[in-house]
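Step one of this worksheet: look at the structure below.
The values are calculated or read from the model by the stated rules, or taken from the named source; none is laboratory data. A quick note: this is a predicted structure, and the numbers were derived from the prediction, not measured. We place every Cβ from the backbone using ideal geometry, glycine too, and count neighbours over all the protein chains shown.
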Amino acid sequence: MECRISALSRVGGRERNEDACGYLQEEGIVCCVLADGAGGHGGGDVASRVAVEAVLREFVAKPEASVSAVSALLRHANEAVLHHQGSDPGLADMRSTLVVLVLDTEAPRAVWGHVGDSRLYLLRHGATQFRTRDHSLVQSMVDGGLISPEEALTHSERNVLIASIGSQESFQPSVVERPFAVSEGDAFLLCSDGFWGLQDEAAIEGALMEAMSPEAWLNRMEVDISAQIREGSDNFSAIGVWCGDVESTTVQRARGS
């Protein structure tokens, strides 16, 4: 199965971009990774870069689309950030989110995992079939019925994470229980909270149906996000992955409706 991939990372309304992302393909297996240096901690840009580099380095050494392999990628990223914390007192409190997708294009199957509130969306037939659950205080409040998902977007503690990269205590990754069978036309979106906070599922799905490539998909959403950016607005980053040829991609959902 052919995979088309596009990525973007923008500074938004900040002076520094603390997001990082990247992707590689080895032996028919694709690894996509995105990290967001946690706000309020010194060295967030270092943490996200170190985490992404650690994942890609470990993936090259062992390209495998399995639950154990993805768990190991997340663990290696955490260990790498912890190591850098110890090497520089100024980086002792740095943290990052992390979301990883590994896709075997031959099987085809996918495995993913995350820490924090950077998300992975799976879209099939133009609709969101799955979204990772944020490791955040406001998500816990939503789950408990204390606030609505809409209220979570503007809550004063929306940036408080309950799991992150760069901590022994709060390193609590979530990884899918088993590989997911990928179908022709599936699309994946990995993104930071600066991205999904300004693009809800309807906007993500609408942009997908209007695009003819993952680059165009991300570009359409970037235009919408950029129109909402103000001074101080968060960095925003995303990776789009399309599985299969364009004719079978979820962009074609409207054809039969």
Worksheet, complete the sentence: Residue pairs within 8 Å by beta carbon, gap of at least six or interchain, first lying in the stretch 207-235 and assigned to a loop (DSSP other than H, G, I, E, B), second at pLDDT below 95 and hydrophobic (A, V, I, L, M, F, W, C), listed first then second, are Ala211/Val251; Met212/Val246; Met212/Val251; Ser213/Val246
Worksheet item: Applying the selection to the stretch 148-174, what residues are of a type in the set (A, V, I, L, M) and surrounded by fewer than 17 Cβ atoms within 10 Å (Cβ to Cβ)?
Response: Leu153, Val160, Ile162
Discussion item. Restricting to the stretch 200-212, give me the number of residues that are buried (at least 24 other Cβ atoms within 10 Å of the Cβ) and out of contact with any Ser or Thr (no Cβ under 9 Å at 6 or more places or on another chain).
Written reply: 0
Practice prompt. Mind listing whichever residues of the stretch 31-83 are among the hydroxyl-bearing types (Ser, Thr, Tyr) and buried (at least 24 other Cβ atoms within 10 Å of the Cβ)?
Written response: Ser48
Worksheet item: Can you tell me which of Leu137, Leu146 is at pLDDT 90 or above, among the aliphatic types (A, V, I, L, M) and under 15 Å from Ser118 (Cα atoms)?
Response: Leu137
Worksheet item: Residues in the stretch 129-143: is at least one polar (S, T, N, Q), surrounded by fewer than 20 Cβ atoms within 10 Å (Cβ to Cβ) and touching a residue at least 60 places away in the same chain (Cβ under 8 Å)?
Response: no
Fill in: Looking only at the stretch 168-182, and only at residues there that are under 19 Å from the mean Cα position of the chain (by Cα) and polar (S, T, N, Q), the one that is nearest to Ser71 (Cα to Cα)
Ser174
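Name the one entry in Val81, Val100 that is under 30 Å from Leu208 (Cα atoms), in contact (Cβ under 8 Å) with a residue 40 or more places away in the chain and either touching a helix residue (DSSP H, G or I) at 6+ places or on another chain (Cβ under 7 Å) or polar (S, T, N, Q) (or both). Before you say what the answer is, go through the steps one by one.
Numbers: Val81 fails: under 30 Å from Leu208 (Cα atoms).
So the residue among Val81, Val100 that is under 30 Å from Leu208 (Cα atoms), in contact (Cβ under 8 Å) with a residue 40 or more places away in the chain and either touching a helix residue (DSSP H, G or I) at 6+ places or on another chain (Cβ under 7 Å) or polar (S, T, N, Q) (or both) is Val100.
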Fill in: Complete set of residues in the stretch 1-45 that are in contact with a Ser or Thr (Cβ under 6 Å, 6 or more places away or on another chain) and part of a strand (DSSP E or B)
Cys3, Ser9, Asp19, Ala20, Cys21, Leu34, Ala35, Asp36, Gly37
Worksheet item: Applying the selection to the stretch 5-44, what residues are charged (D, E, K, R) and modelled with pLDDT under 95?
Response: Arg14, Glu15, Arg16, Glu26, Glu27
Discussion item. Return the residues of the stretch 143-163 that are within 18 Å of Asp234 (Cα to Cα) and part of a loop (DSSP other than H, G, I, E, B); say none if nothing qualifies.
Written reply: His155, Ser156, Glu157, Arg158, Asn159, Val160
Worksheet item: So which of Ala7, Ala35 is in contact (Cβ under 8 Å) with a residue 60 or more places away in the chain, within 17 Å of Val81 (Cα to Cα) and aliphatic (A, V, I, L, M)?
Response: Ala35
